[in-house]
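Participant: The structure under discussion is supplied below as structure tokens; questions concerning it will follow.
The values are calculated or read from the model by the stated rules, or taken from the named source; none is laboratory data. Please read all numbers here as calculations on a predicted model, not as lab measurements. All Cβ positions, even for glycine, are placed from backbone atoms using ideal geometry, and neighbour counts span all protein chains on display. Surface accessibility is based on the protein's heavy atoms, side chains included, excluding ligands, DNA and RNA. Shrake-Rupley method; radii C 1.70, N 1.55, O 1.52, S 1.80 Å.
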Amino acid sequence: MDIFFQQVINGLVLGSVYALVALGYTMVYGILGLINFAHGEVVMVGAMVALATVAYLFGYFPEMNPIVMVLIAATTSVISCMVLSYFIERLAYRPLRKAPRLAPLITAIGISILLQNLAMIIWGRQYKTVPKIFSFETREFLGANITDLQIFIIVLSAILMTLLLLIVNYSKLGRAMRATSESQRIAGLLGVNINKIISFTFVIGAGLGAVAGILVAANYSVAHYSMGFMLGLKAFTAAVLGGIGNLGGAVLGGLLLGLIESIGAGYIGDITGGFLGSHYQDVFAFLVLIIVLVFRPTGIMGERISERA
Amino acid sequence: MSYLSVESLGVSYGAIKAARGVSLSIKEGETVALIGSNGAGKSSTLNAIAGLIGHTGKVGFDGIDMSSFPVHKRAAKGLALVPEGRGILGRLTVDENLRMGAYLRVDRKSIAVDLLRIYELFPRLRERRGQTGGTLSGGEQQMLAIGRALMASPKLLLLDEPSMGLAPLMVEKIFEVIREISSSGVTIFLVEQNARLALESSNRAYVMESGELTMEGDSQELLRSSKVRESYLGELNS
Ligand SMILES: Nc1ncnc2c1ncn2[C@@H]1O[C@H](COP(=O)(O)OP(=O)(O)OP(=O)(O)O)[C@@H](O)[C@H]1O
Ligand SMILES: [Mg+2]
């Protein structure tokens, strides 16, 4: 088996998920200049709700077609996250829109902690395992193994991200989003209801986040109330790497970070002469974050941070 | 009956009162100018009418009290402002800026027709249609700002210093367009530093001094008034 190519595949799978989550960070940042640290927790809620729904359906309707089951669970999860995110913006961020930038940032962290604790109360402290309703084929591809689930993750993420980019760049709604992100004042003058656009941005980001949460839970067959923290931090890193505020950058940053982590983890033993093992994978994300922040704070595709700071 | 009616409008920035007790009215189809020296409160008045900044007092338009309306709702009622500084969306293309002007309209066909009309009016914009707004020259941005406001097919067009920073030839061109817009039936409220130009291209005018309206009248008459000639037309002995 080709280790390098195997890590590339793993990296793309991981990176697709990071990219989906990073889009949520970057869209909100682009429009409000706010780093929505609660976003990682929304992703966690997405995973938990989907899992709970599947477990419920599996328990009460064991005869149900697993595809239908997953569709119901995914829909429930996506809608829950959208509603949750809508209210987070509405109740927590909107009143602070004119406040100093630190206020909404601290609020975001507060919400993040609140959501984690609520999730712990609702779903418990233990790791929740995904019921085995599917069995996935593993295929050989250029000397590496790839499961149908992994293919599904990559393809679905690619479709969703393409859709989002098309909407933002070519639809009337997307044009209004870009106008709002550039100047709320001028967009309002042209008749754009700024609040609606901002709500929409949060809701779309949350939808993508929910999907990402479901995919991660499916991929690792496990979910936990604290999973949003690390995932969120890494996706944020990906957004910064690509250039926060830039949608294409978030996709690129996500995929790159996934690749760096997974290839790094594959070789970290060799690099350190066996001193560090692959469980040090997380180190790479933060190494990347620090390097980017020091040497190119605007990220690969961004020019906005300097403008806004 | 007045189309736009402003009653004791007030605007303040903290302790600074930029406009006080401003009452004015504009009839449908009129072109009305607002002149005054720097810092008189002209932009503040216009921005308040458009809903861009908060204000006290009443702003009524087409029989509706809009005083409590946020900016996008006032736009929906048919107001379009070309703000001071033009307000071009620098990261959107010329074409996208123009289409944003028609954001509240739904009839795709008539939007397409109007877009062609704007490009005919300003051929320069057609040449630059794929370029981002931020890369345009000042004059081109002014054309874009006016074109974008027209794309809303507004009932009342508020213009804040359309001649600012433009070469004389361009100023002429812009005012030609403004007269054309006016003769097509659009009501216009025009703030202009160039008092002569403003008075020559309007039916009526108001004069503003340190936040208050001090004169009002027929533009032709104001052009002849000695007070206006002294203070705003730079004619000391006449
Ligand atoms: N955002 C603001 N904050 C504080 N003061 C302001 C602000 N905007 C305007 N002002 C003040 O309000 C007063 C009126 O300003 P305004 O822009 O309405 O004048 P103007 O008549 O349009 O002047 P000009 O002809 O120079 O454009 C000025 O004294 C100005 O300094
Ligand atoms: Mg002004």
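Participant: Write out, first by first residue and then by second, each pair whose Cβ atoms fall under 6 Å of each other, whose residues are 6+ apart or on separate chains, and whose first residue, in the stretch B:20-48, is within 14 Å of chain A (Cβ to nearest Cβ) while the second is within 13 Å of ligand 2 (Cβ to nearest atom).
Facilitator: Close Cβ pairs (under 6 Å, with a partner that is within 13 Å of ligand 2 (Cβ to nearest atom)) amount to B:S43/B:E84; B:S43/B:D160; B:L46/B:L158; B:L46/B:D160; B:L46/B:V191; B:N47/B:I53; B:A48/B:V11.
Participant: Moving on to the next point. Among the numbered conditions (1) of a type in the set (K, R); (2) crowded, with 16+ Cβ neighbours inside 10 Å; (3) farther than 30 Å from B:S25 by Cα; (4) within 13 Å of chain A (Cβ to nearest Cβ), tell me where B:R148 comes up short.
Facilitator: B:R148 satisfies all of (1) of a type in the set (K, R); (2) crowded, with 16+ Cβ neighbours inside 10 Å; (3) farther than 30 Å from B:S25 by Cα; (4) within 13 Å of chain A (Cβ to nearest Cβ) except (3).
For (1) in a helix (DSSP H, G or I); (2) under 30 Å from A:L149 (Cα atoms); (3) in contact with a Gly (Cβ under 6 Å, 6 or more places away or on another chain), each residue gets a yes or a no:
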{"residue": "A:M48", "(1), (2), (3)": "yes, yes, no"}
{"residue": "A:T53", "(1), (2), (3)": "yes, yes, no"}
{"residue": "A:V68", "(1), (2), (3)": "yes, yes, no"}
{"residue": "A:P100", "(1), (2), (3)": "no, no, no"}
{"residue": "A:A103", "(1), (2), (3)": "yes, no, no"}
{"residue": "A:I109", "(1), (2), (3)": "yes, no, no"}
{"residue": "A:Q116", "(1), (2), (3)": "yes, yes, no"}
{"residue": "A:I122", "(1), (2), (3)": "yes, yes, no"}
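Participant: Looking at (1) within 9 Å of ligand 1 (Cβ to nearest atom); (2) surrounded by fewer than 24 Cβ atoms within 10 Å (Cβ to Cβ); (3) modelled with pLDDT of 95 or more, find the lone condition where B:K58 falls short.
Facilitator: Condition (1) is where B:K58 drops out.
Participant: Those residues that are part of a helix (DSSP H, G or I), surrounded by 12 or more Cβ atoms within 10 Å (Cβ to Cβ) and more than 14 Å from chain A (Cβ to nearest Cβ), I need them from the stretch B:101-134; list them, please.
Facilitator: Of everything in the stretch B:101-134, those that are part of a helix (DSSP H, G or I), surrounded by 12 or more Cβ atoms within 10 Å (Cβ to Cβ) and more than 14 Å from chain A (Cβ to nearest Cβ) turn out to be B:S110, B:D114, B:R117, B:I118, B:Y119, B:L121, B:R124, B:L125, B:R126, B:E127.
Participant: Quick check on this structure: which one of A:A187, A:A206 is within 14 Å of another protein chain (Cβ to nearest Cβ), open to solvent by less than 10 Å² (accessible area, probe 1.4 Å) and in a helix (DSSP H, G or I)?
Facilitator: A:A187 is the lone residue from the list that is within 14 Å of another protein chain (Cβ to nearest Cβ), open to solvent by less than 10 Å² (accessible area, probe 1.4 Å) and in a helix (DSSP H, G or I).
Participant: When the residues of the stretch B:86-100 are filtered to those that are in a helix (DSSP H, G or I) and more than 7 Å from chain A (Cβ to nearest Cβ), which remaining residue is most open to solvent (accessible area, probe 1.4 Å)?
Facilitator: Taking the candidates together, the pick is B:D95.
Participant: Hey, another quick one. Being of a type in the set (A, V, I, L, M, F, W, C) and either under 14 Å from the mean Cα position of the chain (by Cα) or at the interface with chain A (Cβ under 9 Å from one of its Cβ atoms) (or both) is the filter here; which residues of the stretch B:69-85 pass it?
Facilitator: Result: B:V71, B:A75, B:A76, B:L79, B:A80, B:L81, B:V82.
Participant: Here's something else I'd like to know. Check whether at least one residue in the stretch B:94-104 is within 16 Å of ligand 1 (Cβ to nearest atom), more than 15 Å from the chain's Cα centre (by Cα) and not small (G, A, S), and report yes or no.
Facilitator: For the stretch B:94-104, residues within 16 Å of ligand 1 (Cβ to nearest atom), more than 15 Å from the chain's Cα centre (by Cα) and not small (G, A, S): absent.
Participant: Failed condition for B:L9, given (1) within 16 Å of ligand 1 (Cβ to nearest atom); (2) surrounded by fewer than 22 Cβ atoms within 10 Å (Cβ to Cβ), with all others met?
Facilitator: B:L9 satisfies every listed condition except (2).
Participant: Can you give me the number of residues within the stretch B:23-38 that are within 16 Å of ligand 2 (Cβ to nearest atom) and either among the basic types (K, R) or farther than 19 Å from B:S8 by Cα (or both)? First the steps, then the outcome.
Facilitator: Pass one, the stretch B:23-38, residues within 16 Å of ligand 2 (Cβ to nearest atom): B:33-38.
Subset that is either among the basic types (K, R) or farther than 19 Å from B:S8 by Cα (or both): B:37-38.
The number of residues fulfilling the criteria is 2.
Participant: Here's something else I'd like to know. Specify the residue that is nearest to the other protein chains (Cβ to nearest Cβ); the eligible residues are those in the stretch A:190-201 that are of a type outside the set (S, T, N, Q) and open to solvent by less than 10 Å² (accessible area, probe 1.4 Å).
Facilitator: Checked the stretch A:190-201; the qualifying residue nearest to the other protein chains (Cβ to nearest Cβ) is A:G191.
Participant: When A:F134 is evaluated against the numbered criteria (1) touching a Leu at 6+ places or on another chain (Cβ under 9 Å); (2) open to solvent by 40 Å² or more (accessible area, probe 1.4 Å); (3) without any contact (Cβ under 8 Å) to a residue 24 or more places away in the chain; (4) not in a helix (DSSP H, G or I), which criterion, by number, is the only one it fails?
Facilitator: Condition not satisfied by A:F134: (3).
Participant: Okay, next question. Between residues in the stretch B:156-170 that are within 14 Å of chain A (Cβ to nearest Cβ) and within 16 Å of ligand 2 (Cβ to nearest atom) and residues that are part of a strand (DSSP E or B) and open to solvent by 10 Å² or more (accessible area, probe 1.4 Å), which pairs lie under 6 Å by C-beta distance while being six or more apart or on different chains?
Facilitator: As it stands, the answer is B:L158/B:L81, since those pairs meet every condition given.
Participant: If you don't mind, there's one more thing I want to ask. Could you give every pair whose Cβ atoms fall below 6 Å, whose first residue belongs to the stretch A:157-184 and is farther than 20 Å from A:G254 by Cα, and whose second residue is surrounded by fewer than 21 Cβ atoms within 10 Å (Cβ to Cβ) and of a type in the set (K, R), counting only separations of at least 6 or pairs across chains?
Facilitator: Short answer, once both residue conditions are applied: A:E182/B:R91.
Participant: Can you name the condition, by its number, that B:G63 falls short on among (1) within 10 Å of chain A (Cβ to nearest Cβ); (2) on the phi > 0 side of the Ramachandran plot?
Facilitator: (1)
Participant: So is B:Q142 among the polar types (S, T, N, Q), open to solvent by less than 10 Å² (accessible area, probe 1.4 Å) and within 19 Å of B:E96 (Cβ to Cβ) or not? Walk me through it before giving the result.
Facilitator: Details: among the polar types (S, T, N, Q): yes; open to solvent by less than 10 Å² (accessible area, probe 1.4 Å): yes; within 19 Å of B:E96 (Cβ to Cβ): yes.
So B:Q142 passes the test.
Participant: Can I ask one more? For the stretch B:135-153, name all the residues that are part of a loop (DSSP other than H, G, I, E, B) and of a type in the set (D, E).
Facilitator: Across the stretch B:135-153, there are no qualifying residues.
Participant: Further, regarding this structure: Do we have B:G51 as within 16 Å of ligand 1 (Cβ to nearest atom), on the phi > 0 side of the Ramachandran plot and either open to solvent by 30 Å² or more (accessible area, probe 1.4 Å) or of a type outside the set (A, V, I, L, M, F, W, C) (or both) here?
Facilitator: yes
Participant: Could you check A:R296 against (1) under 18 Å from the mean Cα position of the chain (by Cα); (2) closer than 29 Å to A:R178 by Cβ and say which number it fails?
Facilitator: Answer for A:R296: the failing condition is (1).
Participant: State which residue is farthest from B:L158 (Cα to Cα) when the search covers only the stretch B:72-85 and only residues that are within 16 Å of ligand 1 (Cβ to nearest atom) and open to solvent by 10 Å² or more (accessible area, probe 1.4 Å).
Facilitator: B:G85
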